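The values are calculated or read from the model by the stated rules, or taken from the named source; none is laboratory data. Please read all numbers here as calculations on a predicted model, not as lab measurements. So basically every Cβ, Gly included, is an ideal-geometry build from the backbone, and we count neighbours across all protein chains shown.
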Amino acid sequence: MAEKKCVLVGVSGGIAAYKICTLVSSLMKKDYEVHVLMTKGAEKFVGVLTFETLSKQRVITDIFETGMDTEVPHISLAKKADCFVIAPATANVIAKIANGIADDMLTTTFLAATCEKLVVPAMNTAMLENPVTQNNIEKCRQLGMHILESGSGWLACGDTGKGRLPEAPVILDAVESLLQEDRFLTGKKVLVTAGPTQEAIDPVRYITNHSSGKMGYALARAARDLGAEVTLVSGKTALEAPVNVEMVNVTSAADMADAVLSRFEQMDAVIMSAAVADYTPAVKADRKLKKKDEDLYISLERTTDILKAMGERKKDSQVLIGFAMETEDLMKNAREKLVKKNTDYIIANSIAESGAGFAVDTNRVTIIGRDAEKDLGLLSKEETARQILQYCLKGGD
């Protein structure tokens, strides 16, 4: 069994410290080894016992604390860490780590650590925007630390503005992106499409489909974790945007065609996992269509076949991957699509199989290439995404 990845979580004295309970719990569910380090200020907001219970590890808050263990705690933890995240990172802690001040357990361990480091600022808007804080954040960035931008909204002080701590899933996403070792896509540009399109009938109604975007978002995160510069072109979903990914939000099939085709030439790989409408209303009413006694007939016209358009333009150095979702004759239709659209791979995805298809967290796909096919079996969408990228872009099983 491979050793568990070790994540150090530094908690400083901000009101948002309570959110880190969820982060620690989420990291534990992912089977990481988690150690929490707290400042004295953080203890005023969340008790040590809470984090010890969640992490199943002792929380050391005093650098001079003694015990039976002969190891020097801040050195031993720093050595075993694969990632060190400080969240919330107050203006005070950011100032310390930017200038090498190590006067407590958290900052001393942080200074000793050589792993990937993530800083998540959270504070009052005026404090965050103060030039001193901004200079310290920039200094941290120049020193190789990763900065996760604060969110905007209502703050505990009563102000509204930037300075909110991102929610735990966003921080977890950022941490996991730093733990990936095999970054074989470094230097590559990858575009992923995701979600449904909406084709307007009138200002009130539209035609769409059941796509949740989960598979496409998983592919975008996986490509990012493997080192790629990722652009995610997404229809409307309820999903959180992946961190460190360029987001391009679109509505209609025409919007998606413009966004994808205008960027295609610069990409090393494109993964077309969005559920793009094949047809759109020929006439879009400017006003709401009123209900009448008789039936309503809507004339539909073909949308741009984005995958086919890319297949016609594709260079030998580019990898083009499409998806095929069918209710019958899946493999036959997918193989025909591979040739007809001139793709390198088609991901055959059955909507009829239990645990696969729209809106669920698992999937079962078969990768169809020019010379070989591979059934991945039923997996989480995250693992499905990793195996698709491994097979199609690295050429390994």
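Structure notes:
- Selection of the stretch 256-300 for residues being surrounded by 13 or more Cβ atoms within 10 Å (Cβ to Cβ) and in a helix (DSSP H, G or I) yields MET256, ALA257, ASP258, ALA259, VAL260, LEU261, PHE264.
- For ALA352, the conditions (1) more than 27 Å from GLY395 (Cα to Cα); (2) modelled with pLDDT of 80 or more; (3) touching a strand residue (DSSP E or B) at 6+ places or on another chain (Cβ under 9 Å) are fulfilled apart from (2).
- Only strands (runs of 3 or more DSSP E) whose full extent lies in the stretch 345-397 are considered here, and the ones with at least 1 residues that are without any contact (Cβ under 8 Å) to a residue 40 or more places away in the chain, among the β-branched types (Val, Ile, Thr) and buried (at least 17 other Cβ atoms within 10 Å of the Cβ) are 345-350, 362-369.
- When THR53, THR90, THR22 are checked against the criterion of being under 30 Å from LEU155 (Cα atoms) and surrounded by 17 or more Cβ atoms within 10 Å (Cβ to Cβ), a single residue qualifies: THR90.
- The C-beta contact set for the stretch 58-77 (first residue at pLDDT below 70, second residue not acidic (Asp, Glu), distance under 7 angstrom, 6+ apart or interchain) comprises PRO73/ILE60.
- Any hit, the stretch 148-162, residues being out of contact with any strand residue (DSSP E or B) (no Cβ under 7 Å at 6 or more places or on another chain), assigned by TED's automatic domain parsing to the domain that holds GLY41 and β-branched (Val, Ile, Thr): no
- Where VAL339 falls short, out of the listed (1) in a helix (DSSP H, G or I); (2) within 20 Å of ASN209 (Cα to Cα): (2)
- Scanning the stretch 285-314 for residues that are in contact (Cβ under 8 Å) with a residue 40 or more places away in the chain and either touching a helix residue (DSSP H, G or I) at 6+ places or on another chain (Cβ under 9 Å) or outside the structural domain of ALA274 (by TED's automatic domain parsing) (or both) yields THR303, THR304, ILE306, ALA309, MET310, ARG313.
- Selection status of ALA174, at pLDDT below 95, among the aliphatic types (A, V, I, L, M) and buried (at least 17 other Cβ atoms within 10 Å of the Cβ): yes
- Strands (runs of 3 or more DSSP E) contained in the stretch 72-159 and holding at least 2 residues out of contact with any Phe, Trp or Tyr (no Cβ under 6 Å at 6 or more places or on another chain) and closer than 20 Å to CYS21 by Cα: 83-89, 116-121
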